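See structure below.
A short reminder: the numbers here are calculations on the coordinates, not readings from a lab. These figures come from a predicted structure and were not determined experimentally. A quick note on method: Cβ atoms are made from the backbone with ideal geometry, for glycine too, and the neighbour counts reach across all protein chains shown.
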Amino acid sequence: MNSPQCVVIAITGASASGKSLIARTIYDELRRDLGTEQIAVINEDAYYHDQSHMTMEERVKTNYDHPKSMDHELLRQDLLKLKSGKEIQIPKYSYTEHTRLADTTSITPKKVIILEGILLLTDPKLRELFDASVFMDTPLDICFLRRLQRDVEERERTMESVISQYKQTVRPMFLQFIEPSKQHADIIVPRGGKNRIATDILKTRIQHLLAK
Ligand code: C5P
Ligand code: MG
């Protein structure tokens, strides 16, 4: 018997480049046709390594923009499970606690999984599992401005801590790992998550893959 069909789309790019927005837009529009049970968005951030054994002081020092900060092996195993029709438990992540919470979210197998995260295309083993991949090529100054506002408003950070983290890890890791991973993307999207044509192209591709 063939394994149940599951289309996996990866959306990557710099922090605050519009990944979540385009993922959400595609999700909202496709679930009207497919039904809420048949599509899900998974955030790569849920797969940061568990740091619950570390002190808060140690956790803030972690480089959250290095590929090693992610438990990509767990993400790979979970994607394989979904592709073979099994339910998975996704860790819940807290940006204020800097670790996974004890709680998990269960995801039943879907026709479409939209994965979004900064480091998805840096991992060759993960890349094998994507049916299509997208790199959000939003100018870095725009990303930084958005991140500063978001982290202060939504992730309980101070302006000083956002600026210092940006200089120490976010920007250097983007240049070292994330930007070079653009070469592995099928589609490069300028201007961010509101790019309507890119959204439509992706939706059409997903529908085409589902019809196969
Ligand atoms: O939503 P976005 O793609 O911006 O989320 C990824 C960013 O979250 C990374 O650039 C990383 O620096 C940041 N992060 C953080 N603190 C954590 C975990 C991730 O600032 N505990
Ligand atoms: Mg995001």
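Given +1 at the Cβ of Lys and Arg, -1 at the Cβ of Asp and Glu and no other charges, the dipole of the stretch 7-211 around its Cα centre is 440 debye to the nearest 20.
Comparing T12, T169, T122 in a Gaussian network model of the chain, where Cα atoms under 10 Å apart are tied by springs, the biggest mean-square fluctuation is seen for T169.
Principal-axis analysis of the Cα atoms of the chain puts helix 72-83 at an angle of about 20° to the longest axis.
Computed from Cα positions, the angle between helix 140-154 and the longest principal axis of the chain comes to roughly 80 degrees. Subtracting the Cα-Cα distance of L209 and D50 from 0.36 nm times their residue separation leaves 53.8 nm of extension gain. For the stretch 61-158, applying the loop criterion from DSSP together with a ceiling of 16 other beta carbons within 10 Å to the trypsin sites (Lys or Arg not before Pro) yields K61, K86, R155. Checking every one of the GluC sites (Glu not before Pro) in the stretch 52-99 against DSSP loop status and a limit of 11 other Cβ atoms within 10 Å picks out E87. Per-residue extension of 0.36 nm, minus the Cα-Cα distance of L148 and I197, leaves a gain of 14.9 nm for this segment.
Rounded to the nearest 10 degrees, the inclination of helix 19-34 to the longest alpha-carbon principal axis of the chain is 20 degrees. Would you mind classifying the stretch 45-102 by shape? Square roots of the alpha carbon gyration tensor eigenvalues, ordered a ≥ b ≥ c; an a/c under 1.5 is rounded, otherwise it is prolate if a/b is larger than b/c and oblate if not. Judged from the Cα gyration tensor, the stretch 45-102 comes out prolate (a/c at least 1.5, a/b above b/c).
Projected label points at Q183 and K167, each 7 Å from Cα along the beta carbon direction, are separated by 3.1 nanometres. Pairs of Cα atoms in the chain fall into 5 Å distance bins, from 0 up to the last occupied one, in shares of 1, 7, 15, 19, 21, 17, 12, 6, 2, 1, 0, 0 percent.
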